[in-house]
Amino acid sequence: MSSGRAKLLGLLIIAAVVVSGAGLYCAIYVRTEPKTIIITRTGTVEKTVRNIVLVGWDGTQRNHLKEMISRGEAPNLVALASEGGLVDIDVTTGATDTKAGWTQILTGYSPEKTGVFSNSRYQPIPEGYTVFERLETFFGPENIVTVAIIGKKGHVDNDPPAKIPFDQWAKTEARQGRKVPTPKAGLKVNDGGQIVQENGVFYVAFPGKPYFNASKHMDLFLNGLGENEKVGTTAIQNLEKYKDKRFFFFIHFAQPDHVGHAYGENSRQYTDGIKSDDEWTGKIVAKLKELGLYDKTLVYITADHGFDEGKTTHSNAPYVFVATDDPKINRNGDRADITPTILKRFGLDLSKIEPPLDGTPLDEPAYVRVTRLGSSAAIFSCWVVSVSMHDLKKPACAYTNSHSSNSP
């Protein structure tokens, strides 16, 4: 390298003690971290974007996926990414679980702004914060269709706040084999509930689920479909239904996560779950082509969290991905970068969004956020990030709470 150019240096970033699920992360502004190349691009044709489809492969671990790619076991993802790219996505804030993951992906915000930290600590996402609502506002409700078709029921929900008599709740818990506590006002229980007392009577109060507000402004919010076949079939039916409208679809496949919890990350069943996601994603792309919509539709595939290596949990599983036919994607990124990417492609001016998004489009320079999602034990760790001194801008460090969860 000539003397007129800055040399690449290893910048040692020390993340100090992590206690009780808390973490320290540092943000350093760099020009970009190039995307990881494992799929050769076959074309660079940019589409005139009218529609976007975001496909969720819940619980798909990045390394497991790349191993499958090397064996030719994800052909539809590879075909899509050959037109755009496959980039690494890391989770730097929030738990590596379903509620925190999809909330950050579909808002571009950290948990401190959405109030959705984990499967057990959550609230309705503040009104107007989701990609669905921003698109409805930008285009007008008559000019875009926003759709969510979701495999899971438990953690990608739009239920309103609820208050259940304690005795009724206790019977349900007992039937499910859970230990029922002695009622005490203020005691937190499963699924984000809290025991309250009113006029001498105990209840279990639950906050509204994350999409309680957003779903009121969407054309379709349908969850709890279960198996991939029902999700994929329903998605294809609705693509046919809305083929003449501008649309944004979120299509969520839950199978890898479900079988990962049952059989483990290194199991044949987990691999088969990802294969099923790939198969149905291929059918969705085929439907777009059949309808004559593919040339004006971008498709992104991502995951909310990975899986702990060889285990049935994802308490510390921050490594996921984005695969897309979008040729502008040029760097690895963060879970919060996905909504900004989508909104930019639809033509929104991100500088006018309030509160400002925490993520950055995946075709722009971004902060590299370095974090450790810790357990309750004290941990001392460090990471090395390679940057150019020419590109280094205003280091900034921040303290954030990261709440681990072993639940789906």
*Which residues, taken from the stretch 221-234, are more than 25 Å from Pro160 (Cα to Cα) and buried (at least 16 other Cβ atoms within 10 Å of the Cβ)?*
Asn228, Gly232
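Please work out if Phe307 is aromatic (Phe, Trp, Tyr) and closer than 18 Å to Val53 by Cβ. Can you show your working first?
Numbers: aromatic (Phe, Trp, Tyr): yes; closer than 18 Å to Val53 by Cβ: no.
Taking the combined requirement at face value, the residue does not satisfy it.
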*Counting only residues that are within 30 Å of the chain's Cα centre (by Cα) and of a type in the set (S, T, N, Q), which one in the stretch 176-199 is surrounded by the fewest Cβ atoms within 10 Å (Cβ to Cβ)?*
Gln176
_Of everything in the stretch 134-175, what is more than 23 Å from Asp97 (Cα to Cα), surrounded by 21 or more Cβ atoms within 10 Å (Cβ to Cβ) and in the same structural domain as Arg345 (by TED's automatic domain parsing)? Give them in sequence order._
Arg134, Leu135, Glu136, Ile144, Val145, Thr146
_Output for the stretch 307-329, where each listed residue is surrounded by 18 or more Cβ atoms within 10 Å (Cβ to Cβ) and touching a helix residue (DSSP H, G or I) at 6+ places or on another chain (Cβ under 6 Å)_ = Phe307, Tyr319, Val320, Phe321, Ala323, Asp325
*Considering only strands (runs of 3 or more DSSP E) fully contained in the stretch 295-399, which possess at least 1 residues that are modelled with pLDDT of 95 or more?*
297-302, 319-324
_Cross-chain or 6+ apart pairs with Cβ under 7 Å, the stretch 264-289 first and charged (D, E, K, R), then surrounded by fewer than 16 Cβ atoms within 10 Å (Cβ to Cβ) and outside any helix (DSSP H, G or I)_ = Glu265/Glu309; Glu265/Gly310
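Going by the structure shown, is Ile52 part of a helix (DSSP H, G or I) and either modelled with pLDDT of 95 or more or assigned by TED's automatic domain parsing to the domain that holds Asp308 (or both)? Steps first, please.
Values: part of a helix (DSSP H, G or I): no; either modelled with pLDDT of 95 or more or assigned by TED's automatic domain parsing to the domain that holds Asp308 (or both): yes.
So Ile52 fails the test.
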*Out of the residues in the stretch 94-130 that are out of contact with any strand residue (DSSP E or B) (no Cβ under 8 Å at 6 or more places or on another chain) and among the acidic types (Asp, Glu), state the one that is surrounded by the fewest Cβ atoms within 10 Å (Cβ to Cβ).*
Glu127
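Of the residues that make up the stretch 122-129, is at least one of a type in the set (Ser, Thr, Tyr), assigned by TED's automatic domain parsing to the domain that holds Lys352, touching a residue at least 12 places away in the same chain (Cβ under 8 Å) and touching a Phe, Trp or Tyr at 6+ places or on another chain (Cβ under 6 Å)?
If we filter the stretch 122-129 for residues that are of a type in the set (Ser, Thr, Tyr), which is where we start, we get 122, 129.
From what is left, the residues that are assigned by TED's automatic domain parsing to the domain that holds Lys352 are 122, 129.
Imposing the further condition that a residue be touching a residue at least 12 places away in the same chain (Cβ under 8 Å) reduces the set to 122, 129.
Pick out the ones that are also touching a Phe, Trp or Tyr at 6+ places or on another chain (Cβ under 6 Å) and you get none.
Scanning the stretch 122-129 turns up no residue that is of a type in the set (Ser, Thr, Tyr), assigned by TED's automatic domain parsing to the domain that holds Lys352, touching a residue at least 12 places away in the same chain (Cβ under 8 Å) and touching a Phe, Trp or Tyr at 6+ places or on another chain (Cβ under 6 Å).
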_Take Tyr203 and tell me if it is surrounded by 15 or more Cβ atoms within 10 Å (Cβ to Cβ), in contact with a Lys or Arg (Cβ under 9 Å, 6 or more places away or on another chain) and hydroxyl-bearing (Ser, Thr, Tyr)._
yes
*Being modelled with pLDDT under 95, in the same structural domain as Leu106 (by TED's automatic domain parsing), part of a loop (DSSP other than H, G, I, E, B) and basic (Lys, Arg), is that true of even one residue in the stretch 36-46?*
yes
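Step by step: first the residues of the stretch 64-104, then only those that are under 14 Å from Asp337 (Cβ atoms) and of a type in the set (Gly, Ala, Ser), then the one that is nearest to the chain's Cα centre (by Cα). Which residue is that?
Gly101
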*Return yes when Lys216 is farther than 28 Å from Gln255 by Cβ, at pLDDT 90 or above and exposed (fewer than 15 other Cβ atoms within 10 Å of the Cβ) and no when it is not.*
yes
*Set Asn190, Asn158: member being out of contact with any Ser or Thr (no Cβ under 7 Å at 6 or more places or on another chain) and of a type in the set (S, T, N, Q)*: Asn190
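Looking at the stretch 219-292, what helices (runs of 4 or more DSSP H) fall wholly within it and have at least 3 residues that are polar (S, T, N, Q)? Before the answer, list the steps.
Values: elements: 228-241, 255-263, 268-290.
Helices (runs of 4 or more DSSP H) meeting the threshold: 228-241, 268-290.
The values are calculated or read from the model by the stated rules, or taken from the named source; none is laboratory data. Predicted model only: the values in this text are computed from it and were never measured. All Cβ positions, glycine included, derive from the backbone under ideal geometry; neighbour counts span all protein chains shown.
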